[in-house]
């Protein structure tokens, strides 16, 4: 998974922040900890799932597959 972190997880987070989908008001703070509010968590998961369904051309095999499928192939 680590080699896919920048193109899947990090890109989703940057997209959410750059497009102001998530802001500092979307967090609950309790002491030193913080967590996403429920509506924001849903938006983050939705964006992540959309990214995982994005189809790209696999660099080794040359066919199109979703990131979800490419991670499965990598695990196998």
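The values are calculated or read from the model by the stated rules, or taken from the named source; none is laboratory data. It should be emphasised that the depicted structure is a prediction, and the values quoted were computed from it without experimental measurement. Heads up, the Cβs are rebuilt from the backbone with ideal geometry, glycines too, and the neighbour counts pull from every protein chain shown.
Selection of segment 30-63 for residues being within 23 Å of residue 17 (Cα to Cα), assigned to a loop (DSSP other than H, G, I, E, B) and touching a helix residue (DSSP H, G or I) at 6+ places or on another chain (Cβ under 9 Å) yields 37, 53, 54. Selection of first residues in segment 65-76 that are closer than 16 Å to residue 9 by Cβ and of second residues that are loosely packed, with under 11 Cβ neighbours inside 10 Å and modelled with pLDDT under 90, restricted to Cβ pairs under 7 Å at least 6 apart or on distinct chains, gives the following pairs, ordered by first then second residue: 71/1.
Within segment 1-41, the residues that satisfy the criterion of being closer than 30 Å to residue 56 by Cβ and touching a strand residue (DSSP E or B) at 6+ places or on another chain (Cβ under 9 Å) are 7, 22, 26, 36, 40, 41.
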